[in-house]
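Comments concern the structure below.
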Amino acid sequence: MGKGFGGTVLKAFGAKEHTLTVTGSDRLTDNMVRVHFHSDTLLNPSGEEPGNWMRAWFPDPDGGTKEYQRGYTYVNVDAPAGTFSVDFVVHEPAGPACAWAQRAQVGETIDAHRLGEEPFHPEAEIEGAGVPTGFLFLGDLASYPAIHQMVLAARDDRPDAEIVVILERHSPADEQSPLPEGDNITARWVDPAGDGESLYREITGKDWTGWYVWAAAETTVTRHVRRFLRKEARLPKKAAHTQAYWARGKKMGTDRG
């Protein structure tokens, strides 16, 4: 740990470094790869909440000495066994994580940390808003693993609540990842807009009072959604989570080494 500025920052916040060992991989769709891992120390012994995630370090795809940090959600967690999987979007140009996932070999190891998680509890009261009457999830394929898990948790724990899922489609292959289903779920793909307002246009003009909103997409798309939630919808701060997962034409994340 502490390899360069990125590692130093995590160390300062008390983040422990964990070793992850690759146990296998599967090609889920034309643009999604699932890598399976084992770790003796990363997972919470009592299990993981929907949407929990890690900060993992990936090698330089060009063979350099630096490692690059990216955040990924756990899926298929078996905490007692120390096993879990991570879904990687395959895209071009390939970043460090995408490139690594496509060639990861059994027995290969990478490092990871936990820091900054916000567990999702669909039945819990929200400060200033009470128990949500509905859940709105906005994103794209990058945030699909997190959204899919949280939607299923909300479906099962809150059958009385309406759930709306809207995902940006950046490739026809995105739709190979199935939308969540349930009696209280409405889910759809939408095309992106050049001005980044596709998701904003889907939600503006509607009353989201009493809802919990979780949004994670491209930087500009997320910014438009965040502005709507704060200035137009005026939801309480704790009733909305917005996060940029990626930036068009730019790199996100820190590095070390």
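Step by step: find N for region 159-257, compute 2.2 N^0.38 Å, then divide the Cα radius of gyration by it. What's the final number? Please list the in-between numbers first.
Numbers: Rg = 14.8 Å, N = 99, 2.2 N^0.38 = 12.6 Å.
This ratio for region 159-257 stands at 1.17.
³J(HN,Hα) across region 248-257 via Karplus (A = 6.51, B = -1.76, C = 1.60, θ = phi - 60°), whole Hz, x for Gly/Pro?
Taking θ as phi minus 60°, the curve returns 5, x, 9, 8, 10, x, 9, 9, 8, x Hz for region 248-257.
Explain nothing, just the number: relative contact order of the chain, from Cα pairs under 8 Å at least 6 residues apart, as a whole percent. Could the numbers behind the result be given before it?
Numbers: 521 pairs, mean separation 51.5, N = 257.
After rounding, I find 20 percent.
When the Kirkwood radius is taken over all Cα pairs of region 52-177, what Stokes-Einstein diffusion coefficient follows at 10 °C and 1.306 mPa s, in µm²/s?
Numbers: Rh = 16.8 Å.
Translational diffusion coefficient: 95 µm²/s.
Where in the chain are the DSSP H helices whose C-alpha atoms run 15 Å or more along the long axis and whose mean Kyte hydropathy is at least -0.5? Please report the intermediate quantities before stating the final value.
Details: long enough: 144-157 (19 Å, -0.09).
Long hydrophobic helices here: 144-157.
Which of 47, 64, 134 moves most in a GNM of the chain, Cα contacts under 10 Å?
64
For q = 0.07, 0.09, 0.13, 0.16 Å⁻¹, what log10 I(q)/I(0) does the chain give under the Debye formula with an equal point scatterer on each alpha carbon and no solvent?
-0.24, -0.41, -0.87, -1.30
Could you check what % of the DSSP bridge pairs in the chain are antiparallel, to the nearest 5? Mind dumping the intermediate values first?
Numbers: 32 of 56 bridges.
Expressed as a percentage, antiparallel bridges in the chain total about 55.
For residue 190, list long-range residues whose amide hydrogen, built 1.01 Å from N in the peptide plane, is under 5 Å from its own amide hydrogen.
Hits under the 5 Å cutoff: 167, 168, 169.
Mind ranking 138-149, 179-190 by how tightly packed they are, going by the mean number of other C-beta atoms within 10 angstrom, highest first?
Packing order, densest peptide first, comes out as 138-149, 179-190.
Using only alpha carbons, build the gyration tensor for region 141-190 and give me the equivalent ellipsoid semi-axes, biggest first, whole Å. Write down the numbers at each step before the final one.
Details: eigenvalues 86, 21, 12 Å².
Those come to 21, 10, 8 Å.
Once you've got the Cα coordinates, tell me which of 231/251; 16/66; 66/250; 16/238; 16/251; 206/250 are over 22 Å apart. Before the final figure, lay out the partial values.
Values: 231/251 29 Å; 16/66 20 Å; 66/250 18 Å; 16/238 27 Å; 16/251 25 Å; 206/250 32 Å.
From the list (231/251; 16/66; 66/250; 16/238; 16/251; 206/250), the Cα-Cα distance tops 22 Å for 231/251; 16/238; 16/251; 206/250.
When only DSSP loop residues count, what GluC sites (Glu not before Pro) in region 103-143 have their Cβ near at most 10 other Cβ atoms within 10 Å? Mind dumping the intermediate values first?
On the way: sites: 108, 117, 123, 125, 127; in loops: 108, 117, 123, 125, 127.
Qualifying residues, ordered by number: 127.
Arranged from highest to lowest average of other beta-carbon atoms within 10 Å per residue, in what order do the peptides 205-215, 152-162 appear?
205-215, 152-162
Since every read-out is calculated from the coordinates, none of them should be taken as a lab result. The structure displayed is predicted, hence computed values, not measured ones. Cβ atoms come from the backbone with ideal geometry, glycine included; neighbour counts cover every protein chain shown.
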